[in-house]
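These notes are about the structure you will find just below.
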Amino acid sequence: MRRRDFLIDAAAAATAMVVPAGLARAREPGQEPGAGALKGFIVSDAHFGWRHEQQPAPEQQREMMGRIIRRFPDLDLFIDTGDAHHSGADDQARGLWTDIIAGGCAGLPFYYVAGNHEIVPTCGLDPEWRCNRLGSVSCRPYYSFDFKGIHLVSLPELERAVLINREAMEWLALDLEVHKDRTVLILSHNNILGTTCPLGAYGYRGLANSPQMLALLDRYPNVIGWLNGHNHTYEVLERDNRLYVSNGRIGGFIPPALWGRVGQGHLGGIYFEVTPTGLTVRSYSATGEAFLDELGETHLSARLETRTTLDTQAPPTYCYGAGGSRDRQRIPVIHHHATGRRPAELFIAGADDASFNDDPDFALYQLRIHDTLGPHAQLMGASVQMHPKWHEMWVENTVYEWLDPGVRFLARQSPNDVTRMTVPLQDHGRATYYRCPPGRRYRATLDIETPQGGQRLRLQFMVHDRNLRKLATVHGPVWTLNKGRHKQEAEALLPDLAELDCIYNNASSNNVIHLMVLAEFSNLSAAVTLHRFGLALADAEGPTRDPAMVVDGKRFEHQGELTPDRVIRLTIPAPAGNRTVYEPRAKGNRRLTWLVRHRGPDWQVRNAPVADQGDHLHVGPLRNNFSNRREIVIAPLTPAGQAYVHRLRDLDEARVYPLNRGNRKLRVEIVKAAGPCEVELVARAKARNVTGADTWKQQGNRLVLQAQPGSVLELDFS
């Protein structure tokens, strides 16, 4: 389906079903969490660090979180769907989000879906790595997990606020195929066009590749929900046996009245509940301490009647991986789930072609209509960046135009005028994608058409590291273009960077390599049309063949051809430490998509990695160091018994011997700390004996101990 043929049916938002009054009330004290259902809560768009009169104060946001947790004491999990902080915000803002949102959800498992304000390339040095540190994400920002037999997928936009990029789409296709026997909810930051009203018409709000996304989802009727942030609205739409939900706001701007009745003035989020017979969604106002349907906004709640795979006894899972990985690309994975030393499953699918850049045919773009720019605001390419940028041409763009598909570079007044294009989108001249191994030869292929010849085109291959430092520029050819349509190809050998501290020279390094191609058009006496731009390894062709994965130096392989619609499954060992390096190998088109699934993790560790040693968990060092509290949070994913270590403060590393691992006493060893530190436990019984602590105090179900570096704390609850 062509983008312009995808009609927006915003009025359909009013057809959402109404939840019967009184549904989904909170449990009585003493009931089990989420008994008979999967119960979760979603907040979105906190926007810490935004200096605007509409932005609530941090203390107000803290109060809203407290109200949510008190109102819903039986939740199974808590989710944030992005814009944790505003663009350009400092580490103090990230620390406030860490403490108030991620740290404010009591003992619940917490999952983070990055938003455009903190992850797109314009958000500073290596925003993706920073987001992973902030939200305790193990691998790529897209990942998935199971609770009670229900599969949930984190699917953020990475390169542009309007795009689920190619690698994420390839990974999602594999994830949905692997989990086609599970009911699925997808968590994203942007909406699918036509599923929110009236924002579906705004390019900045809806995905440019909405038709492609819908086509993929429609192959899997087990996907029953798409829940997104970004709009700051509360909206619920039922369509094609699926609920599309806009998750409200716990910060940020107030939607204007012209957008309709979408919960303006209410800070809060979305309560959802999955039962064997359906999905219930209700918009909740923490401001008013009531569901919005109870306040008369019945269109902001819905129930979808459908059979689900809810199983309250099913073990949790956690999945990560990467779409379209290049041959010999090395990918670090930081572990935040304790897996009980159980082997993991590795799933691999092939790729459809050799090109790894997004939208090589230039078919994905959106028009952002902004009040201050008027109707002539420029189109945004989903995967490339043009220079001058669209916002530098507020009145009229005389430099380029999108052709749907294709892009045309318009004639310029002077032969010295240069029109530039970068693949991919870049941040201030620095590459943020694509991650590529050094020491390899890459090929750029361009399909070009000109009404008359003489235009000049120069290519440059630019190499940056994770900190966006430019490492090398490999100059490609300078072509004088001929009249007509023809193909131009250029190859570049990237340096091996043998002296650089990166993951290719030092297995313990998290520094990776990025590749960007700059195309410069000059002598534009007539227009040039670019129909396609493909970027691939130079020796890549045909289908994926002989795929393999090297895991911490050990190879796991499959012989033969592998297409995208065929999935192979391999068993790999449990992680030996708190970090694993994965290195895909593939012949043919040199690309593959992979997913690792861990079954039955029993602990989630946030803000620091965890190494599961069987009888104990080695926690640390601190990864999210934005918070002044320097807090590591440990949340149980399975029943934790009468006591568990919940929070560690002001320490860097500790060994925790949890009671659910067969030991009779709970034990904490302070491995590394700069000074006095604090250990907080959740204890349903009174501690009979405590040793090794300077002081300790138990109040209710909280037990707090003060300790020194090197201390060994032992607590007896028998």
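Each value in this text was obtained by applying a stated rule to the coordinates, not by laboratory testing. Quantities reported herein were computed from a predicted structural model and do not represent experimental measurements. Reconstructed Cβ throughout: ideal geometry from the backbone, glycine too, with neighbour counts over all protein chains shown.
FRET efficiency for the Glu294 to Lys180 pair, using the beta carbon distance and R₀ = 45 Å, is estimated at 0.75. Proximity of backbone amide H atoms, modeled 1.01 Å from N, is registered between Ile254 and no other residue at under 5 Å, excluding neighbours fewer than 5 places apart on the same chain. Taking only the Cα atoms of the chain, the radius of gyration and Dmax are 25.8, 88 Å.
For the pair Ala411 and Asp91, the difference between a 0.36 nm per residue extended length and the Cα-Cα distance amounts to 110.7 nm. May I ask for the distance between the Cα centers of segment 461-511 and segment 639-657, given as a whole number of Å? Result: 45 Å between the Cα centres.
Estimated from helices alone, the mean residue ellipticity of the chain at 222 nm is -2500 deg cm²/dmol (sum of -39500 (n - 2.57) over DSSP H runs with n ≥ 4, per residue). The length gained on full extension between Asp615 and Leu403, counted as 0.36 nm times the residue separation minus their Cα-Cα distance, comes to 70.2 nm. Among His531, His85, the order by Cβ neighbours within 10 angstrom, fewest to most, reads His531, His85. Along segment 689-705 the Karplus relation, 6.51 cos²θ - 1.76 cosθ + 1.60 evaluated at θ = phi - 60°, assigns HN-Hα couplings of 8, 10, 10, x, 9, 5, 9, 8, 8, 10, 9, x, 9, 10, 10, 10, 10 Hz to successive residues, with x for each Gly and Pro. For the chain, hydrophobic long helices are taken as DSSP H runs at least 15 Å long by C-alpha position along their axis with mean Kyte-Doolittle hydropathy of -1.0 or more; these are 166-178. Working from label points 7 Å from Cα in the Cα-to-Cβ sense, the Val418 to Asp546 distance is 4.2 nm. Under Stokes-Einstein, with the Kirkwood radius over Cα pairs as Rh, the value for segment 108-249 at 20 °C and 1.002 mPa s is 141 µm²/s.
Using R0 = 25 Å, the C-beta based FRET efficiency linking Leu493 and Leu125 works out to 0.40. Taking label points 7 Å from Cα along the Cα-to-Cβ direction, Thr312 and Thr480 give a separation of 7.9 nm.
Across all directions, the shadow cast by the convex hull of segment 521-618 built on its C-alpha atoms averages 11.4 square nanometres. Per-residue extension of 0.36 nm, minus the Cα-Cα distance of Thr287 and His52, leaves a gain of 82.7 nm for this segment. Along the Cα-to-Cβ line of Ser508, 7 Å from the Cα, sits a label point; which residues in segment 560-603 have backbone N less than 20 Å from it? Taking a point 7 Å out along Cα→Cβ of Ser508, the residues of segment 560-603 whose backbone N falls under 20 Å are 575-583. Which value, to two decimals, describes the C-alpha radius of gyration of segment 151-225 once divided by 2.2 N^0.38 Å? Relative to the 2.2 N^0.38 Å estimate, segment 151-225 comes out at 1.06. Entry for segment 445-522 at q = 0.18 Å⁻¹: log10 I(q)/I(0) = -0.75, Debye formula applied to identical alpha-carbon scatterers, no solvent contribution. With a Förster radius of 22 Å applied to the C-beta separation of Val671 and Lys697, the computed FRET efficiency comes to 0.40.
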